[in-house]
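The values are calculated or read from the model by the stated rules, or taken from the named source; none is laboratory data. Remember, it's a predicted structure, so these values are computed and weren't measured experimentally. Because the Cβ atoms are built from the backbone with ideal geometry, glycine has one as well, and the counts that use them run over all protein chains shown. Calculation scope for accessible area: heavy atoms of the full protein, side chains included, ligands and nucleic acids excluded. Shrake-Rupley method; radii C 1.70, N 1.55, O 1.52, S 1.80 Å.
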Amino acid sequence: MPEKPVAPEPPAPDSPDDHDGPDGPAGPDGRDAPEAHDRSAVRTLLRLWPYVRPVRARLFTAAFVAVVASCLSLVIPLVLKWLVDGPVADRDPGGVWLGALYLLLLGIAEAVLFGYRRWLVARPLSGVEARMRADLYGRLQRLPIAFHDRWASGQLLSRGTTDLMLVRMFLAFPLTFLLVNAVTILAGYVLLLAQDWSLGLVLITPVIPLVIVCSVFEGRYGAVARRAQDQVGDLTTVVEESVLGIRIVKGFGRHRSQATAFRELSGRLRGTELVKARLLATIWAVITFVPELAIGAALVLGTVQVADGDLSAGTLVAFLSTALALRWPVESIGFLLAMSQEAATATERYFEVMDAEEEPDAAPDAGDTRATAAGGPGGHGGVLFEGVSFRYPDAPADAPAVLDGIDLHIRPGETLALVGGTGSGKTTLTALVPRLHEASGGRILLDGEDIALMERDRLRSLVSMAFEEPTLFSASVGENVLMGADGAAGEPELRRALGVAQADGFVERLPEGAGTQVGEQGLSLSGGQRQRLALARAVVGRPRFLVLDDPLSALDVHTEARVEAALREVLRDTTALVVAHRPSTVMLADRVALLSRGRIAAVGTHHELLRSSEEYAWLMSGEGEGGPR
Ligand SMILES: Nc1ncnc2c1ncn2[C@@H]1O[C@H](COP(=O)(O)OP(=O)(O)O)[C@@H](O)[C@H]1O
Ligand SMILES: [Mg+2]
């Protein structure tokens, strides 16, 4: 996966030939969401309500406090007016000091109230962010594999980090201050008009052009913000892949091309950020300049009026300082709108994931006629595939189905080996049993019970899996293995499972035995060691059904033989489907099924198939890729 940089603009389709490795399709960059043109920022942001609801009381209180604090700043000009027309005009120093004291107290009160507001919102809002993040994480766990195949991990990562931070910041600032500023501006205008309505009208004129400019700005900024956030997701993907694939990047000397890919994406992001900055600069300039012009005009008019004796000096001072006090609420509207747009985009991106369809618990068309058809005592036990077909949801419509009418019966307690060429659909077939993918047609019965009607949790407690590409988590060896069992399993089960997988030897030699931490992805272990731990994880819970997708491929022949001997013990009371390549693994099985062109071409013992099937004989001869001719 890491050797191919994240697809630039139109995502390059993955080559469909070989999916044996860890590289699932890189998928599009998660931008398959409807192009957001007709979206309304307000409607999007309203979707946050369920998360905000629990803290609404705090938020409303905080907003109220902020409104009071902000309106206090409007009282200051009134004190000034009293000061100029009263004590200053009367040359009364005591009155001036008193006025100064009032101003100081007002300033302190305003500061204290704003601080109180911050304190009120900080804790509940980080709670909101945490809750949204937890929901996103839970959702990601429940979304089907098909979803994860499609979405680049960086896109998901950036939604859980940057986007949620933007949402929290929106709830902390713009949400409150758009309201606070609106109230302040309204109250300010009332004061202005009350003081001198003709000068007040001069100041109101810029409102109309400003509203128009703001709405144009909002639309444009929203689109650019969306682009920027998507690009952050792409960038995250590249960084993540280069870090995870650092061995391949280094081993193939690809650091330069990886760096180029990174530079290109970050250059693109920088370009988008610059567009954002330019838009912001423009709106800021307009919002600052136009009111300033109006204040200038009012100043000239007012001075003339004072000179003519139509207006008291105190009123003019009060008028102008009210106008100046309104400057910040007006000017900040530009970036408050910008932040709101970004938050709307972030919310939209968040809900794109939250709205993705979860795995249905029971298949939608599962009528009760299917419930027990072939099941029940005396019916087919074991695993039964009946006319199972499957095509990947994102495969082109004209491509043939990967699986097409699979009929296969694995008897209770039997071990069936599944053999087929690369890309014949073995991995796909195994993934259908625990419903990692949903079959597109036909049905699969476990001991007579249709898996489409089973609760997913129960199904997955019955079926255990080990994959060819073993994934270990950043945890101890023991924890990694015991992940395969329910909570009750402990030391004895762990020891037994490690023994079956022939992992006890090397685990004992680890510095802290089964308590040793394995690194992210378990990279401190060899491939064969990881495979054995994954195998131990699959058998530790003594599952009724075991599905092994070529779990021994990285073992040497001797270790493999020992694992097989031990597995045979385990497999005695387990119904197992084992994907195999080597004759030695196949020998483990009671019977073998050959998968070819999406169908089960033959079933029988190893020796029967060797005789009857040319393709099987060829596959087992170990002559490599191609096909029997
Ligand atoms: N996630 C996927 N999306 C689309 N096509 C896929 C996906 N995974 C596998 N395929 C395709 O399905 C076919 C069977 O793949 P797979 O089951 O992995 O084969 P096998 O395990 O037998 O080598 C291949 O042609 C592969 O390209
Ligand atoms: Mg495979």
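Tell me whether the stretch 443-459 contains one or more residues that are more than 16 Å from ligand 2 (Cβ to nearest atom), under 25 Å from A589 (Cβ atoms), in contact (Cβ under 8 Å) with a residue 24 or more places away in the chain and in a helix (DSSP H, G or I). Within the stretch 443-459, one or more residues are more than 16 Å from ligand 2 (Cβ to nearest atom), under 25 Å from A589 (Cβ atoms), in contact (Cβ under 8 Å) with a residue 24 or more places away in the chain and in a helix (DSSP H, G or I). Of the residues making up the stretch 263-276, those that are without any contact (Cβ under 8 Å) to a residue 40 or more places away in the chain and open to solvent by 50 Å² or more (accessible area, probe 1.4 Å) number 4. Taken together, the residues in the stretch 506-541 that are closer than 20 Å to T559 by Cβ and exposed (fewer than 13 other Cβ atoms within 10 Å of the Cβ) amount to 3.
When restricted to residues that are within 16 Å of ligand 2 (Cβ to nearest atom), open to solvent by less than 10 Å² (accessible area, probe 1.4 Å) and touching a His at 6+ places or on another chain (Cβ under 9 Å), the stretch 553-595 contains 1. Among the residues of the stretch 420-449, those identified as open to solvent by 40 Å² or more (accessible area, probe 1.4 Å) and either of a type in the set (D, E, K, R) or within 8 Å of ligand 1 (Cβ to nearest atom) (or both) are T422, G423, T427, E438, D447, E449. Look at (1) at pLDDT below 85; (2) farther than 20 Å from S215 by Cα and you find that V300 fails only one, number (1). List pairs: first in the stretch 546-570 and under 28 Å from T428 (Cβ atoms) and within 16 Å of ligand 1 (Cβ to nearest atom), second open to solvent by 20 Å² or more (accessible area, probe 1.4 Å) and part of a helix (DSSP H, G or I), Cβ under 7 Å, 6+ apart or cross-chain? These pairs meet every condition: D549/T427; A554/G527.
Filtering D149, D196, D163 for residues that are surrounded by 20 or more Cβ atoms within 10 Å (Cβ to Cβ) and within 30 Å of H437 (Cα to Cα) leaves a single hit, D163. If you go through the stretch 404-414 and keep only what is assigned to a strand (DSSP E or B), open to solvent by less than 30 Å² (accessible area, probe 1.4 Å) and more than 13 Å from ligand 1 (Cβ to nearest atom), you end up with G405, L408, I410.
When P124, P144, P174 are checked against the criterion of being in contact with a His (Cβ under 9 Å, 6 or more places away or on another chain) and surrounded by 17 or more Cβ atoms within 10 Å (Cβ to Cβ), a single residue qualifies: P144. Only a single criterion out of (1) open to solvent by less than 60 Å² (accessible area, probe 1.4 Å); (2) in contact with a Leu (Cβ under 7 Å, 6 or more places away or on another chain) is not satisfied by G219, namely (2).
Candidates A374, A417, A366: the one that is more than 9 Å from ligand 1 (Cβ to nearest atom), at pLDDT 90 or above and open to solvent by less than 30 Å² (accessible area, probe 1.4 Å) is A417. S613 falls short on exactly one of the conditions (1) of a type outside the set (A, V, I, L, M); (2) over 27 Å from S461 (Cα atoms); (3) modelled with pLDDT of 80 or more; (4) open to solvent by 20 Å² or more (accessible area, probe 1.4 Å), and that condition is (4). Checked against (1) of a type in the set (A, V, I, L, M); (2) surrounded by 15 or more Cβ atoms within 10 Å (Cβ to Cβ); (3) modelled with pLDDT of 90 or more, I248 passes all but a single condition, namely (3). Residues of the stretch 450-468 that are farther than 17 Å from M483 by Cβ and either open to solvent by 60 Å² or more (accessible area, probe 1.4 Å) or within 13 Å of ligand 1 (Cβ to nearest atom) (or both): L453, E455, R458, E468.
Among the residues of this structure, V563 does not count as one that is among the β-branched types (V, I, T) and assigned to a strand (DSSP E or B). Entry remark, the stretch 284-296: residues being more than 12 Å from L320 (Cβ to Cβ) and in contact (Cβ under 8 Å) with a residue 40 or more places away in the chain number 7 in total.
Close contacts from the stretch 463-477, counting a first residue that is closer than 18 Å to R542 by Cα and a second that is in a loop (DSSP other than H, G, I, E, B) and more than 16 Å from ligand 2 (Cβ to nearest atom), with Cβ to Cβ under 7 Å and a gap of 6+ residues or different chains, come to V463/P543; S464/G484; S464/G541; S464/P543.
Answer yes or no as to whether L418 is assigned to a helix (DSSP H, G or I) and within 16 Å of ligand 2 (Cβ to nearest atom). Taking the combined requirement at face value, the residue does not satisfy it. Quick check: is even one residue across the stretch 79-89 surrounded by fewer than 16 Cβ atoms within 10 Å (Cβ to Cβ), of a type in the set (K, R) and away from ligand 1 (no atom under 16 Å from the Cβ)? No; the residues of the stretch 79-89 include none that is surrounded by fewer than 16 Cβ atoms within 10 Å (Cβ to Cβ), of a type in the set (K, R) and away from ligand 1 (no atom under 16 Å from the Cβ). Taking each residue of the stretch 391-403 that is in a loop (DSSP other than H, G, I, E, B) and surrounded by fewer than 15 Cβ atoms within 10 Å (Cβ to Cβ) and looking for partners that are at pLDDT below 85 and of a type in the set (A, V, I, L, M) with beta-carbon atoms closer than 9 Å, six or more apart or interchain, yields P393/A146; D394/A146.
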